[in-house]
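Asker: Before we start, here is the structure in question, set down as structure tokens.
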Amino acid sequence: MRKHSMPESNVTHPNVTPLIDVVMCLIIFFMLVAKIGVTSGAEEMTLPKAILGQDIKDLGNTLTLNVRNINQPLPMVTALLPGHHDTTELKFEENRGGKIERPLLDLLKAARANNPEFKVIIRGEQDMPYRLLEPVLFVSAQANVKNVNFATETVQAKK
């Protein structure tokens, strides 16, 4: 039988194949771990201004509700639902074949049932009447959401 010997090592041309393997593994690891392009579902709108407020650091347990005035008795509410790429309108009530469904209430109840620390962030337009936020707050209370926040723009207090 013939013995195979190790190939000669050339100092001028090192073998970089193991290095490339390690770099590829690191690239794949960081791609899986990084949150690239994460969006909260916040739509572009002019928010009301406030002097006091707190920044919410952990947005992991939150659902952002965009509330807009559409000159109807109830406002239009949109949110970014899990598994969707765009915001979806959530109706307060809709009649489907004689059956009354409440998509906003059902969504909030489902999110609250799986997560006791669930928070809702309400983003209302600056010039929207406050009475249009009442139905959103009422549905949040029905769903037993304990933490409801209002998104505002921060302004400096005049001295």
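The values are calculated or read from the model by the stated rules, or taken from the named source; none is laboratory data. Model, not experiment: these values are computed from the prediction. Virtual Cβ from ideal backbone geometry, glycine too; neighbours counted across all protein chains shown.
Asker: Please work out which residue is surrounded by the most Cβ atoms within 10 Å (Cβ to Cβ), limiting yourself to the stretch 124-159 and to residues that are touching a strand residue (DSSP E or B) at 6+ places or on another chain (Cβ under 9 Å) and of a type in the set (Gly, Ala, Ser).
Answerer: For the stretch 124-159, the residue satisfying everything is 124.
Asker: OK, next. Would you say residue 120 is hydrophobic (A, V, I, L, M, F, W, C), assigned to a helix (DSSP H, G or I) and closer than 25 Å to residue 61 by Cα?
Answerer: Considered against the rule, which asks whether it is hydrophobic (A, V, I, L, M, F, W, C), assigned to a helix (DSSP H, G or I) and closer than 25 Å to residue 61 by Cα, residue 120 comes out as no.
Yes/no per residue for (1) of a type in the set (Val, Ile, Thr); (2) in contact (Cβ under 8 Å) with a residue 60 or more places away in the chain; (3) under 21 Å from residue 45 (Cα atoms):
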| residue | (1), (2), (3) |
| --- | --- |
| 65 | no, yes, yes |
| 78 | yes, no, yes |
| 82 | no, no, no |
| 98 | no, no, no |
| 102 | no, no, no |
| 120 | yes, no, yes |
| 125 | no, yes, yes |
| 128 | no, yes, yes |
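Asker: Which of (1) in a helix (DSSP H, G or I); (2) under 30 Å from residue 113 (Cα atoms); (3) modelled with pLDDT of 85 or more is the odd one out, the single condition residue 23 does not satisfy?
Answerer: The failed condition is (2).
Asker: If a residue must be closer than 20 Å to residue 107 by Cβ and assigned to a loop (DSSP other than H, G, I, E, B), how many such residues does the stretch 73-83 contain?
Answerer: So the answer is 5.
Asker: Condition test on residue 108, is it under 16 Å from the mean Cα position of the chain (by Cα) and surrounded by 12 or more Cβ atoms within 10 Å (Cβ to Cβ)?
Answerer: yes
Asker: Of these, 89, 93, which one is among the acidic types (Asp, Glu), surrounded by 11 or more Cβ atoms within 10 Å (Cβ to Cβ) and in contact with a Ser or Thr (Cβ under 6 Å, 6 or more places away or on another chain)?
Answerer: 89
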